[in-house]
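Report on the structure given below.
The values are calculated or read from the model by the stated rules, or taken from the named source; none is laboratory data. Since the structure is predicted, the reported quantities are computational estimates derived from the model, not experimental observations. Cβ coordinates were reconstructed from backbone atoms using ideal geometry, including for glycine residues, and neighbour counts include every protein chain displayed. For accessibility, only protein heavy atoms count, side chains too; no ligands or nucleic acids. Shrake-Rupley method; radii C 1.70, N 1.55, O 1.52, S 1.80 Å.
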Amino acid sequence: MEVIAPQIQYDGLLKRLTEVPLDILYEIFSHLHPKDLLHLTRTTRAFRSVLMRRSATCVWKATIANIAGLPKCPPDLNEPQYVNLAFDEHCHFCLAPNIQDIFWSCRVRCCKSCIEENFVSDFDLRKRLPFTPTDNTYKTIFPYIVYPKPRPYKPGRILFYRPMAEKYIGELGKIRKDTATVKRWSKERKEEQMRRLSHAALCESWSSPWADKRSTELNVFIILLLLFSLYILRRDHVLEQLLGVYTRSLW
């Protein structure tokens, strides 16, 4: 006789998520791997609503802190964006899977097919600048990558991140006639570039030995069991305390 395993009713469990107090959810979620937390936000709207609200920032920070050596979230990204960059292996443009090339200084993960469309050469960038550069100062301002990664006798090409290049060119076009404003703008962008490059260097150092081959599927059922088990334990504890108070009041 064939035995058919009962199907787990995930939907019913997920709908009861609202019964679990936020402090319990946050306590459990804070112990997850960042990649699991990211996948959890994509499981249902209820999870996304809970984890993408501002009060859940502490949970994301805690999961990031769980990873040894992972630099803190940079100021130009929020925590979910940072986790997505570091752990989600999909191209940010075409969503191709298993993409390992992370361009930390540009805050993107990109496949080979999307490089040409989303990055521009040194020559093309110089042509689009609202003024003719007399030196390489613009390289200290515009986010860029070296692609392919440099190897002996193969230095790679400098490619500038197109979205940021277009944004900066637009800003320069508006202020080009005001020398003082251009100088102030350049100073601010150089400082931003230095912060990005410094953080990118830390991330490169961390990601090089990183070999955490985690499953891309989150075991939702196990997490839900933990959630409800903890909830029931806490609820029973509260009831026990209330019962104790009531019993003592009778005496």
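What a 1.4 Å probe finds exposed on the range 17-79 is 53% carbon and sulfur by accessible area, rounded to a whole percent. Within the same chain, lysines fewer than 8 places from Lys167 are excluded, and of the rest, those with a Cα less than 20 Å from its Cα are Lys127, Lys139, Lys177, Lys183, Lys187, Lys190. Placing a label point 7 Å from the Cα of Asp101 along the Cα-to-Cβ line, the residues of the range 125-148 whose backbone N sits under 13 Å from it are 145-148. Here the range 81-183 exposes an accessible surface that is 54 percent carbon and sulfur, computed with a 1.4 Å probe and the other protein chains kept in place. Computed extension gain for Leu22 through Glu166, at 0.36 nm per residue and net of the alpha carbon distance, reaches 47.7 nm. These residues, Ile102, Ile158, go from largest to smallest accessible area, 1.4 Å probe, as Ile158, Ile102. Near Arg54, once Lys and Arg are set to +1 and Asp and Glu to -1 for all other residues with Cβ below 15 Å from its Cβ, the sum equals +2.
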